[in-house]
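Peer 1: Have a look at this one before I ask anything.
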Amino acid sequence: MRERLVQYGIPTFLIAAFWVVTLAIFLLPEPANVDGVAHPDYGKEREQSHEMARGGAGAERHGAILVHGWLMIALLASAIVYLLAWGASRGTQSSVATAGAGRERAKFIGLFLLGFLLFQVVLAAIFLSYRASLVDPPNTDFWGPLPTATSLVFVAWITPAFFVVLYVIFFNRWILSPRAVEKFNELVKMSRQSQQQEDT
Amino acid sequence: MEKFRPEIILLFVIGYMSLCVGIGLWAMRRTRSTRDFFMASRHLGFLVASVAVFSSLMSGWGFVGGPGLVYKMGASSFWILCAMIAGIALAFFLLAKRLRVIAAVRDPISLPDAVGARYKSRSLSFLTAIAILLGVLGYLGTQILAMAWVLKNILVEVAFIGDVPLGVCLALSSAVLVFYCVTGGIIASVYTDLFQGLIMVVAALLVFATAIATFDGGLTGMAETLLADDPESIGPWGTRSMVCCLSWYFLLAVGTCGQPHVITKFMMTRRVDDARSMLPVSVLGYALSALLWVGIGLCMRALVVEGGHAPLNNADEAAPEFLQRYAHPLLSGVVFAGLLSAIMSTADGFLNIGAAAVVHDIPRAIRGKSLKNELFWARTATVIIATVAALFALYSGEMIALLGVVGFSTFAAAIVPTVAIGFNWKRATALACNLAILSALVVNYGILLLKIRLPYEFDGGAFSLLVSITVFFFVSLCSTPRKIDPDMEAAMDI
């Protein structure tokens, strides 16, 4: 029952929820210039074909869909972490999948949950700091060399490196255990034998 | 040395292209069969394979288009970069081991081959090959055109050469690409990728440092200048809508594991556990080479806004202009070589998988068997595909840029459900995959050709990916999967 929930329930929920949020966004009235305008000095409205766009008023463009946008990225991050965890635990020879693997499975779930939470916190922080910046955009706070929300985009960029580290450290336990290697070698041997039989 | 900047750049480019030709000749001696030509006989070391992975992903679009996007729309395109580490990680978690195991068991020489073995469906293998071919032609055309423009920009600055017609530049640059692809196949492709990837990382680091040093106050100075001009441009969404940025994130993060020129490299490694070392190298390589995208883009936008540089007529001029005006001549030489590297490292992968689709996958799907003299036809097909893509690029006008844009999403929407999910999920059915690929092509090209703009600028390619994943998942649940062959099933269990 739990396996069916994980295998079918979670993907169904994620896909359905993503559609609901997407369609909700589509149905919201779109503010003018939601995708920016030509820069008055360097944009295409001038005679010369200069190419630079301008964002304009952030509160007007994004104020009404901040929550929707956050839901969208939260669902997406959930889907990504789900797929990573699923990919890591797929093999039946994985130490996570074998009988008596309670402790290993708990560690696996705990670490992926930690990564999931990290991801969600960073993404939520982007939205919160962007919302805060809308109060006085020209005087927004900086974190490092960039405005806080933009710096957090780069933090979101490297957050998945957490899972890269898990992949490297636990590769021989979760992804390709010694038992999996044995099975793989057996399979290759059988495959070569049947290929030889076909050739003769 | 400044006086000879154009000549120095030209020398670096000639040197780089000569090296590609040399690698092509070296690889030719190692290419004796279609297994060598398409799969490098599964003998790639982890370093070569991992650099090939990230350099295939970081195409010319990343080195030219990326800075142009930042110039044009500020921080919007950072979401594309932001998605890539997640995307590369997903590709490895889902497919690195899986494809390598299947490769050992069934010895496929292309992705459609592997698809046919998994689903026991020639129609699916055929459809996958068609999707790949469509994506390749569009994507390859833009890469070839980009190469020609870069070469034209280099040659026009050289006094004794001057303005060379675009067609001639296209022929010259494509000749080198085609030569090493024809002679050495995928072996030439990945070993030039190794060299190209290293150039890209070095170039990106040096350029990023130069961009920081060029602008007063470095990155903070650029950000403050842009903030004073337009706070949204340096905000997290840039000048595009938030929804547009998030849809790009979706497309790139999930769609990376559907890029055939990337994931086929998983089938070529020497050992099945090479993936463990490959992932961090690929991620690091991509992250470092992306610094050029950020550095040049922000610097050029800030320079124009503060009046330090004339506005650009075309956003894609951001990178070449920066290199011509602000980078040391030697650095410019390295980076222009890096630019061509970025383009060619992606284009060679496309040529190879396109040739496999034409010569191997489609005939096998239709006739049930391969062509005779397959290696000869593979080489011929490489030349023909490059020629068709080049002509298309020269004469199709705006269409080539549009087709290039949908190239990534065509691959993503067609291959993510079928391969990335389906190779791990026994419940996946051939019917679901066929419908997913068809829906992906219809939605993607429908949005493109009918010029449909989705609300809030939600990316059309991302929408087609969402549709295809949905169709795939629910049709799989509602249809009965065919019995998987025992060896494939065992491969899926490992």
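Only the coordinates and a few stated rules stand behind these numbers; no lab work does. What you see is a predicted model; the values in this text were computed from it and never measured. Ideal geometry is used to build each Cβ from the backbone, glycine not excepted, and the neighbour counts take in all protein chains shown.
Peer 1: Going by C-beta contacts inside 10 Å, put B:Tyr119, B:Tyr71, A:Tyr8, B:Tyr16 in order with the fewest on the left.
Peer 2: Final ranking by Cβ density, sparse to dense: A:Tyr8, B:Tyr16, B:Tyr119, B:Tyr71.
Peer 1: Further, regarding this structure: Using the alpha carbons of the protein assembly as shown, what is the convex hull volume per residue in cubic angstrom, as a whole number?
Peer 2: Hull volume over Cα atoms, normalised by residue count, gives 145 Å³.
Peer 1: Next question, about the same structure. Based on DSSP H runs of at least 4 residues, each adding -39500 (n - 2.57), what is the mean residue ellipticity at 222 nm of chain A after dividing by all its residues, to the nearest 500 deg cm²/dmol?
Peer 2: Helix-only estimate at 222 nm: -20500 deg cm²/dmol.
Peer 1: Can you show me the helix-derived [θ] at 222 nm for chain B, built from DSSP H runs with n ≥ 4 at -39,500 (n - 2.57) apiece and divided by the number of residues, rounded to the nearest 500.
Peer 2: -24000 deg cm²/dmol, from helical runs alone.
Peer 1: Set the bar at 23 Å for Cα to Cα. Now go through A:Lys183/B:Lys483; B:Lys97/B:Lys265; B:Lys265/B:Lys451 and name every pair that lies beyond it.
Peer 2: In this structure, B:Lys265/B:Lys451 lie more than 23 Å apart at Cα.
Peer 1: For Cα pairs less than 8 Å apart in space and 6+ apart in sequence, what is the mean separation divided by the residue count of chain B, i.e. the relative contact order in percent?
Peer 2: Relative contact order, chain B: 32 percent.
Peer 1: Charges at C-beta only: +1 for Lys and Arg, -1 for Asp and Glu. How large is the resulting dipole of segment B:2-404 about its Cα centre, in Debye rounded to 20?
Peer 2: Charge dipole, segment B:2-404, about its Cα centre: 2280 debye, nearest 20.
Peer 1: Roughly speaking, what % of Cα-Cα pairs in segment B:197-328 are separated by over 20 Å, rounded to a whole number?
Peer 2: 58
Peer 1: Quick query: amide H of A:Leu146 versus all other amide H atoms, modeled in the peptide plane; which residues come in under 5 Å with a sequence gap of 5 or more or a different chain?
Peer 2: Under 5 Å from the amide H of A:Leu146: no residue qualifies.
Peer 1: Hey, what's the Cα Rg ratio for segment B:95-176 versus the globular rule of thumb, 2.2 N^0.38 Å?
Peer 2: Cα Rg divided by the expected 2.2 N^0.38 Å: 1.70.
Peer 1: Moving on to the next point. To two decimal places, what compactness ratio does chain B give when its Cα radius of gyration is scaled by 2.2 N^0.38 Å?
Peer 2: In units of the 2.2 N^0.38 Å rule of thumb, it is 0.94.
Peer 1: Separate question: With 16 Å as the cut-off, how large is the P(r) tail for segment B:285-332, expressed as percent of Cα-Cα pairs?
Peer 2: Looking at segment B:285-332, the distances longer than 16 Å represent 40 percent of pairs.
Peer 1: Could you tell me how far the Cα centroid of segment B:144-162 sits from the Cα centroid of segment B:192-232, in Å?
Peer 2: Answer, in whole Å: 24.
Peer 1: Let me ask something else. Please report, in cubic angstrom per residue, the volume enclosed by the convex hull of the alpha-carbon atoms of segment B:270-407.
Peer 2: Enclosed volume per residue, from the Cα hull, is 186 Å³.
Peer 1: Using only the Cα atoms of segment A:114-200, what do you get for the radius of gyration and for Dmax, in Å?
Peer 2: That works out to 24.3, 79 Å for Rg and Dmax.
Peer 1: Here is a follow-up. Can you tell me the mean projection area, over all orientations, of the convex hull of segment B:388-494's alpha carbons? Units nm², please.
Peer 2: That works out to 8.7 nm².
Peer 1: Using the alpha carbon gyration tensor of segment A:2-199, what are the three equivalent-ellipsoid semi-axes (square root of 5 times each eigenvalue), largest first, in whole Å?
Peer 2: Its equivalent ellipsoid spans semi-axes of 46, 21, 18 Å.
Peer 1: Follow-up question, since we're still on this one. Could you tell me the distance between the Cα centroids of segment A:106-170 and segment B:424-479, to the nearest Å?
Peer 2: 30
Peer 1: Relative contact order for segment A:2-199 using alpha-carbon pairs under 8 Å, separation at least 6, rounded to a whole percent?
Peer 2: Across segment A:2-199, relative contact order equals 18 percent.
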